[in-house]
């Protein structure tokens, strides 16, 4: 077996598609198929089951996958070791995130980082926290930014910043001209809420519970899965909502929505940078994490 076969295997497993793997590796689909077939012949096992819309790992493929990831990681680490020997910081970082603040932090940090280390390249993926953490643990991602901890023994979490969650209302709402409101006043309002598993929702649920209120008792008219969609749903007067203050500060809704302080309720959530302990010796990643943490404190 060679690196091209193993890389093809990892990418097909990652994207569950021969065509997607070919696209990402800048190869033809027949070439990917040939690499997989040759690898299966050499190992003497079938690695994938071909379904109608996607391919999935067989039991043998699941056994081989972590070793394949480790092989590619070892190759990259050996290259990084040589670069370190030459005192050069370059290479590729694959970053996942599941939280809104990352969308505002990462572009600026990457811009500054590339000014100092121009021979670097970044791939950014957004997904749910559960998926991001699993992909990080599987070795697909180098690091991630998430809004809640999912304990895994091979991962290290560091607090990046604390994000305040605010109540947002539209310009025709009765609260719009108020300086503040009380928690009891908002309980009968129509709410747009985030999906289960959202860090914002978890923070609001916890704050409600601390005050002796049940989040589930809110009059929820819709459940949306992104801050962008919630901002525009509030602007269109579907209801009011809780969302990241950082996202609101970058709001482009033309003044159609604003945050109203709740006198007797403060909601905050911690934002974490998380990475695999196995990759802490990767010089590029260490420098980028240091830059990220420094930027968050500024």
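Structural remarks
- Over every Cα atom in the stretch 162-270, the radius of gyration and the widest Cα-Cα span, Dmax, amount to 12.5, 36 Å.
- C-alpha long axis of helix 59-85 to longest principal axis of the chain, angle in °: 90 degrees
- Nearest 10 degrees, 0 to 90: helix 283-297 Cα axis against the chain principal axis: 10 degrees
- Calculated volume of the Cα convex hull per residue in Å³ (choose from (i) 120; (ii) 140; (iii) 166), label: (iii)
- Among beta bridges that DSSP assigns inside the chain, antiparallel share in %, nearest 5: 60 percent
- Gain on full stretching of the segment that runs from residue 190 to residue 82 - 0.36 nm per residue minus C-alpha separation: 33.0 nm
- Taking every DSSP helix (H) stretch of at least 4 residues in the chain, weighting each as -39,500 (n - 2.57) and dividing the sum by the residue count yields a mean residue ellipticity at 222 nm of -14000 deg cm²/dmol.
- Length gained when the stretch residue 63-residue 219 is fully extended (0.36 nm per residue, less Cα-Cα span): 51.4 nm
- Highest mean packing comes first when the peptides 158-167, 46-55, 261-270 are listed by Cβ atoms within 10 Å, giving 158-167, 261-270, 46-55.
- Chain lengthening between residue 92 and residue 20 when straightened (0.36 nm per residue, less Cα-Cα): 24.0 nm
- Whole-number percent relative contact order across the chain, with pairs defined as alpha carbons under 8 Å at least 6 apart: 21 percent
- Here r is the Cβ-Cβ distance between residue 70 and residue 158 and R0 is 30 Å; the resulting FRET efficiency, rounded to 0.05, is 0.80.
- The C-alpha atoms of the chain define a longest principal axis, and helix 199-210 lies at about 40 degrees to it.
Just so you know, all these numbers are worked out from the coordinates, no wet-lab data involved. Everything numeric here is computed off the predicted structure, so don't read it as measured data. Ideal geometry is used to build each Cβ from the backbone, glycine not excepted, and the neighbour counts take in all protein chains shown.
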